[in-house]
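Chemist: Before I ask anything, here is the structure I am working with.
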Amino acid sequence: MQISDSSIEEILQKDGRYVCTTIGYSMYPMLRDRRDTVVIRSVSKGERLKKYDVPLYKRGDRYILHRIIKVLPHGYDIIGDNCVSAEKNISDEAVIGVLEEYWRGNRKKSLDSLSYKLYVRMMRAASPFRIAYKKLKAGLKRLVKRLIGRK
Amino acid sequence: MRIKNGFVLRDVAGQTMVVATGEASKSFHGIIKLNPTAKDVWLWLSEGKNEDEIAALVCGKYDVAEEQAKADVGAMLRKMEEAGFLAD
């Protein structure tokens, strides 16, 4: 038994793969906070990822696992399945790995499965409506807060 | 003695790893790599077997002397205990 607390980059470089639990709701409903586990494979130098791949990249000290929605000449536009705004022009250099497979609870999920492909297409198709709904909800919340605050 | 809730075993590209989920992931952020024997010990422990039973199973499966199996299983369990993976 070997317990490793090396950094993600070190593990990816040494073993080519990294397994971890995801934290947060930005990729919900696909990945649930601290419940699902992901397998990340390292990306080789010069490797270009495809639209809808889910890269692991670094922003400051934080590691982010979100979905590519646009492939640019030297980077990507990326957004979490449950996020409202995309992160533009994430450079190739910032990407340290890409999602290879994941477990939802104890069920292993393949990225090549029909159900996964359908999920991705449906999430992307519904994205404008989901974003509009979230923005409307946030706006109404602010309005109610302001009205209550006036009393 | 049992494995705390939240530690899950994953087979990835021929390597067995254990990662923490749920509450356990708040205190343990690393990865545990298991060789085939360690994987068996982990699984038998998950099934509720005690140290002596696991040592006997290791003896039977891997054709090692009883004393050696007891020492190896004991060492692994102590390591797991020290790392905080076990509960009473």
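The values are calculated or read from the model by the stated rules, or taken from the named source; none is laboratory data. Please read these numbers as outputs of a predicted model, since none were measured by experiment. Positions of Cβ are backbone-derived with ideal geometry, glycine not excepted, and every protein chain shown enters the neighbour counts.
Chemist: Considering every residue within the stretch A:41-64, establish whether at least one is within 14 Å of chain B (Cβ to nearest Cβ), closer than 20 Å to residue B:8 by Cα and modelled with pLDDT of 95 or more.
Modeler: Within the stretch A:41-64 (the criterion being within 14 Å of chain B (Cβ to nearest Cβ), closer than 20 Å to residue B:8 by Cα and modelled with pLDDT of 95 or more), the answer is yes, since at least one residue qualifies.
Chemist: Still on this structure, I have one more. List every residue pair whose Cβ atoms sit under 7 Å apart, with the two residues 6 or more apart in sequence or on different chains, where the first one lies in the stretch B:10-34 and is more than 7 Å from chain A (Cβ to nearest Cβ) and the second, anywhere, is among the aliphatic types (A, V, I, L, M).
Modeler: B:16/B:9; B:16/B:34; B:18/B:8; B:18/B:9; B:18/B:32; B:18/B:34; B:28/B:20
Chemist: For the stretch A:73-108, give me the residue count where each residue is under 12 Å from the mean Cα position of the chain (by Cα), more than 27 Å from residue B:12 (Cα to Cα) and of a type in the set (A, V, I, L, M, F, W, C).
Modeler: Final tally of qualifying residues: 2.
Chemist: Tally up the residues in the stretch A:72-110 that are assigned to a loop (DSSP other than H, G, I, E, B) and either within 18 Å of residue A:26 (Cα to Cα) or in contact (Cβ under 8 Å) with a residue 40 or more places away in the chain (or both), please.
Modeler: 8
Chemist: Report yes if residue A:119 is surrounded by 11 or more Cβ atoms within 10 Å (Cβ to Cβ), over 22 Å from residue A:76 (Cα atoms) and not small (Gly, Ala, Ser), otherwise no.
Modeler: It is false that residue A:119 is surrounded by 11 or more Cβ atoms within 10 Å (Cβ to Cβ), over 22 Å from residue A:76 (Cα atoms) and not small (Gly, Ala, Ser).
Chemist: Hey, another quick one. Considering (1) assigned to a strand (DSSP E or B); (2) more than 9 Å from chain A (Cβ to nearest Cβ); (3) among the charged types (D, E, K, R), say which one residue B:40 fails and leave the rest.
Modeler: It is condition (1) that residue B:40 fails.
Chemist: Follow-up. When the stretch A:49-71 is examined, which residues are found to be part of a strand (DSSP E or B), over 15 Å from residue A:119 (Cβ atoms) and among the basic types (Lys, Arg)?
Modeler: Result: A:58, A:59, A:62, A:70.
Chemist: Right, another one. Considering only the stretch A:35-44, state which residues are surrounded by fewer than 18 Cβ atoms within 10 Å (Cβ to Cβ) and in contact (Cβ under 8 Å) with a residue 12 or more places away in the chain.
Modeler: A:35
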